[in-house]
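Notes for the one structure printed next.
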Amino acid sequence: MATANKNLSNYNKDTIPSAKDFRFGIVVSEWNDHITNGLYDGAESALLDCGALPQNIVRWNVPGSFELVYGSKKMIETQNVDVVITIGCVIKGETMHFEFVCEGVTQGIKDLNVLSDVAVIFCVLTDNTEQQSIDRSGGIHGNKGTEAAIAAIKMAYLRQQSKISSKHNNLQELTSGQRQIDDQPRKLKE
(Lines give C-alpha, C1' and ligand atoms only; values in the text may rest on other atoms or scores of the structure.)
Protein backbone atom coordinates (compact mmCIF):
# COMPACT_ATOMS: atom_id res chain seq x y z
CA MET A 1 0.00 0.00 0.00
CA ALA A 2 1.48 3.34 -1.09
CA THR A 3 0.51 5.23 2.06
CA ALA A 4 1.37 2.53 4.58
CA ASN A 5 4.75 4.06 5.41
CA LYS A 6 3.97 7.69 4.64
CA ASN A 7 2.02 10.35 6.49
CA LEU A 8 0.17 12.39 3.87
CA SER A 9 0.11 15.46 6.14
CA ASN A 10 3.88 15.92 6.37
CA TYR A 11 5.52 18.63 4.27
CA ASN A 12 8.53 20.92 4.51
CA LYS A 13 7.51 24.57 4.11
CA ASP A 14 11.08 25.45 3.11
CA THR A 15 10.61 23.53 -0.14
CA ILE A 16 7.24 25.07 -1.04
CA PRO A 17 6.66 28.44 -2.72
CA SER A 18 4.54 30.97 -0.85
CA ALA A 19 0.84 30.62 -1.59
CA LYS A 20 0.20 34.30 -0.82
CA ASP A 21 -0.24 35.48 -4.41
CA PHE A 22 -2.38 32.62 -5.70
CA ARG A 23 -6.12 32.07 -5.90
CA PHE A 24 -7.26 28.52 -5.18
CA GLY A 25 -10.46 26.80 -6.22
CA ILE A 26 -11.61 23.75 -4.31
CA VAL A 27 -14.50 21.68 -5.64
CA VAL A 28 -15.83 19.27 -3.00
CA SER A 29 -18.15 16.30 -3.45
CA GLU A 30 -21.03 16.16 -0.94
CA TRP A 31 -21.18 12.36 -1.25
CA ASN A 32 -19.35 10.77 1.70
CA ASP A 33 -19.13 14.23 3.24
CA HIS A 34 -17.77 12.88 6.52
CA ILE A 35 -14.68 12.05 4.42
CA THR A 36 -14.64 14.95 1.95
CA ASN A 37 -15.03 17.60 4.67
CA GLY A 38 -11.98 16.13 6.40
CA LEU A 39 -10.05 16.30 3.12
CA TYR A 40 -11.17 19.91 2.64
CA ASP A 41 -10.07 20.81 6.17
CA GLY A 42 -6.62 19.36 5.47
CA ALA A 43 -6.31 21.24 2.18
CA GLU A 44 -7.52 24.55 3.60
CA SER A 45 -5.22 24.30 6.64
CA ALA A 46 -2.17 23.58 4.48
CA LEU A 47 -2.96 26.44 2.09
CA LEU A 48 -3.36 28.90 4.95
CA ASP A 49 -0.22 27.57 6.65
CA CYS A 50 1.72 28.21 3.42
CA GLY A 51 0.50 31.82 3.15
CA ALA A 52 -2.74 31.65 1.15
CA LEU A 53 -5.21 34.38 2.02
CA PRO A 54 -8.63 33.16 3.19
CA GLN A 55 -10.40 35.32 0.59
CA ASN A 56 -8.33 33.58 -2.14
CA ILE A 57 -9.74 30.15 -1.34
CA VAL A 58 -13.02 29.51 -3.18
CA ARG A 59 -15.05 26.42 -2.24
CA TRP A 60 -17.82 24.99 -4.35
CA ASN A 61 -19.78 21.87 -3.46
CA VAL A 62 -21.10 19.40 -6.02
CA PRO A 63 -23.42 16.43 -5.39
CA GLY A 64 -20.95 13.62 -6.06
CA SER A 65 -17.49 12.80 -7.36
CA PHE A 66 -18.70 12.44 -10.95
CA GLU A 67 -19.76 16.11 -10.89
CA LEU A 68 -16.26 17.27 -9.84
CA VAL A 69 -15.25 17.56 -13.49
CA TYR A 70 -18.08 19.92 -14.46
CA GLY A 71 -17.70 21.94 -11.24
CA SER A 72 -13.96 22.33 -11.90
CA LYS A 73 -14.55 23.35 -15.51
CA LYS A 74 -17.01 26.05 -14.45
CA MET A 75 -14.72 27.23 -11.67
CA ILE A 76 -11.86 27.64 -14.14
CA GLU A 77 -14.12 29.56 -16.52
CA THR A 78 -15.63 31.94 -13.96
CA GLN A 79 -13.47 32.34 -10.85
CA ASN A 80 -10.04 33.42 -12.13
CA VAL A 81 -8.26 30.72 -10.12
CA ASP A 82 -4.63 29.69 -10.50
CA VAL A 83 -5.33 26.05 -9.67
CA VAL A 84 -8.27 23.82 -8.73
CA ILE A 85 -8.29 20.99 -6.20
CA THR A 86 -10.97 18.34 -6.68
CA ILE A 87 -12.00 16.56 -3.49
CA GLY A 88 -14.08 13.40 -3.54
CA CYS A 89 -14.43 9.93 -2.11
CA VAL A 90 -15.66 6.82 -3.89
CA ILE A 91 -15.85 3.65 -1.80
CA LYS A 92 -16.09 0.31 -3.57
CA GLY A 93 -19.43 -1.40 -3.31
CA GLU A 94 -20.92 -4.57 -4.72
CA THR A 95 -21.56 -3.28 -8.25
CA MET A 96 -19.53 -1.87 -11.14
CA HIS A 97 -20.65 1.68 -10.22
CA PHE A 98 -17.33 2.23 -8.42
CA GLU A 99 -15.29 1.48 -11.54
CA PHE A 100 -17.43 3.66 -13.80
CA VAL A 101 -17.34 6.66 -11.46
CA CYS A 102 -13.61 6.36 -10.78
CA GLU A 103 -12.78 6.00 -14.49
CA GLY A 104 -15.01 8.93 -15.49
CA VAL A 105 -13.64 11.26 -12.83
CA THR A 106 -10.04 10.31 -13.51
CA GLN A 107 -10.36 10.79 -17.25
CA GLY A 108 -12.36 14.01 -16.84
CA ILE A 109 -9.77 15.58 -14.57
CA LYS A 110 -7.01 14.43 -16.92
CA ASP A 111 -8.88 16.06 -19.82
CA LEU A 112 -9.18 19.35 -17.92
CA ASN A 113 -5.43 19.30 -17.30
CA VAL A 114 -4.75 18.73 -20.99
CA LEU A 115 -7.24 21.29 -22.30
CA SER A 116 -6.97 24.09 -19.73
CA ASP A 117 -4.21 26.44 -18.65
CA VAL A 118 -5.20 25.83 -15.02
CA ALA A 119 -3.96 22.69 -13.26
CA VAL A 120 -6.61 20.49 -11.65
CA ILE A 121 -5.35 18.47 -8.69
CA PHE A 122 -6.78 14.98 -8.13
CA CYS A 123 -7.75 14.49 -4.48
CA VAL A 124 -10.32 11.77 -4.95
CA LEU A 125 -10.04 8.82 -2.62
CA THR A 126 -10.89 5.53 -4.34
CA ASP A 127 -10.80 3.06 -1.50
CA ASN A 128 -12.10 -0.44 -0.92
CA THR A 129 -13.49 0.37 2.53
CA GLU A 130 -14.79 3.34 4.46
CA GLN A 131 -12.03 2.83 7.04
CA GLN A 132 -9.35 3.25 4.37
CA SER A 133 -10.92 6.60 3.46
CA ILE A 134 -11.09 7.68 7.11
CA ASP A 135 -7.43 6.75 7.51
CA ARG A 136 -6.51 9.07 4.60
CA SER A 137 -8.73 12.03 5.48
CA GLY A 138 -7.17 12.92 8.81
CA GLY A 139 -6.70 9.45 10.27
CA ILE A 140 -3.64 7.27 10.80
CA HIS A 141 -2.19 7.98 7.34
CA GLY A 142 -2.62 11.75 7.63
CA ASN A 143 -4.66 13.77 5.18
CA LYS A 144 -4.64 13.46 1.40
CA GLY A 145 -6.19 16.94 1.30
CA THR A 146 -2.98 18.34 2.77
CA GLU A 147 -0.93 16.56 0.12
CA ALA A 148 -3.24 17.90 -2.61
CA ALA A 149 -2.87 21.47 -1.31
CA ILE A 150 0.92 21.24 -1.48
CA ALA A 151 0.67 19.91 -5.03
CA ALA A 152 -1.69 22.79 -5.87
CA ILE A 153 0.75 25.41 -4.59
CA LYS A 154 3.57 23.88 -6.60
CA MET A 155 1.45 23.74 -9.76
CA ALA A 156 0.22 27.33 -9.34
CA TYR A 157 3.85 28.37 -8.97
CA LEU A 158 4.81 26.38 -12.08
CA ARG A 159 2.03 28.09 -14.03
CA GLN A 160 3.22 31.50 -12.81
CA GLN A 161 6.84 30.78 -13.71
CA SER A 162 5.94 29.45 -17.15
CA LYS A 163 4.05 32.67 -17.90
CA ILE A 164 7.03 34.76 -16.79
CA SER A 165 9.48 32.77 -18.87
CA SER A 166 7.25 32.91 -21.95
CA LYS A 167 7.13 36.71 -21.64
CA HIS A 168 10.90 36.77 -21.62
CA ASN A 169 11.68 34.62 -24.63
CA ASN A 170 14.03 37.31 -25.86
CA LEU A 171 16.69 36.79 -23.22
CA GLN A 172 20.28 37.24 -24.22
CA GLU A 173 23.19 36.07 -22.16
CA LEU A 174 25.84 38.65 -21.35
CA THR A 175 29.53 37.85 -21.05
CA SER A 176 29.09 38.00 -17.26
CA GLY A 177 26.69 35.06 -17.47
CA GLN A 178 23.70 37.22 -16.52
CA ARG A 179 20.69 37.45 -18.73
CA GLN A 180 18.92 40.54 -19.93
CA ILE A 181 15.78 40.98 -21.93
CA ASP A 182 16.41 41.97 -25.52
CA ASP A 183 13.68 44.48 -26.36
CA GLN A 184 14.15 43.91 -30.07
CA PRO A 185 13.63 40.32 -31.15
CA ARG A 186 16.45 39.35 -33.45
CA LYS A 187 15.70 38.31 -36.99
CA LEU A 188 17.59 35.44 -38.46
CA LYS A 189 19.91 36.35 -41.29
CA GLU A 190 18.95 34.74 -44.54
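Each label point was placed 7 Å from the Cα along the Cα-to-Cβ direction; for residue 61 and residue 117 their separation is 3.3 nm. Computed extension length for residue 20-residue 96: 23.1 nm, one decimal, from 0.36 nm per residue of separation with the Cα-Cα distance subtracted. Simple rule: put +1 on each Lys or Arg Cβ and -1 on each Asp or Glu Cβ in region 63-166, find the dipole, and look at 134, 76, 96; the Cα lying farthest toward the positive end is 76. Distant-in-sequence amide contacts of residue 125, defined by a placed amide H-H separation under 5 Å and a gap of 5 or more residues or a different chain, comprise 88, 89, 90.
Report the charge-dipole magnitude of region 1-99 in Debye, nearest 20, computed about the Cα centre from +1 at each Lys and Arg Cβ and -1 at each Asp and Glu Cβ. Don't jump to the answer; show the numbers that get you there.
Working: 8 positive and 12 negative charges, 37 e Å.
Rounded to the nearest 20 debye, it is 180 debye.
Find the relative contact order for region 1-106 and round it to a whole percent, using C-alpha pairs within less than 8 Å whose residues are 6+ positions apart. Averaging sequence separation for qualifying contacts and normalising by length gives 35 percent for region 1-106.
Legend: calculated FRET efficiency, residue 12 to residue 140, from the Cβ-Cβ distance at R0 = 22 Å, rounded to 0.05, equals 0.55. To the nearest 10, the accessible area of residue 99 is 60 Å² with a 1.4 Å probe. Please say if region 1-142 is rounded, prolate or oblate, where rounded means a/c under 1.5 for a ≥ b ≥ c the square roots of the C-alpha gyration tensor eigenvalues, and otherwise the choice is prolate for a/b larger than b/c and oblate otherwise? Oblate.
Within the assembled protein chains, the solvent-accessible surface assigned to residue 141 is about 30 Å², based on a 1.4 Å probe.
Share of carbon and sulfur in the accessible area of region 89-159 stands at 59%, probe radius 1.4 Å.
The values are calculated or read from the model by the stated rules, or taken from the named source; none is laboratory data. Since the structure is predicted, the reported quantities are computational estimates derived from the model, not experimental observations. Cβ: placed from backbone, ideal geometry, glycine included. Neighbour counts: every protein chain shown. These accessible areas exclude ligands, DNA and RNA; they are computed on the full protein's heavy atoms, side chains included. Shrake-Rupley method; radii C 1.70, N 1.55, O 1.52, S 1.80 Å.
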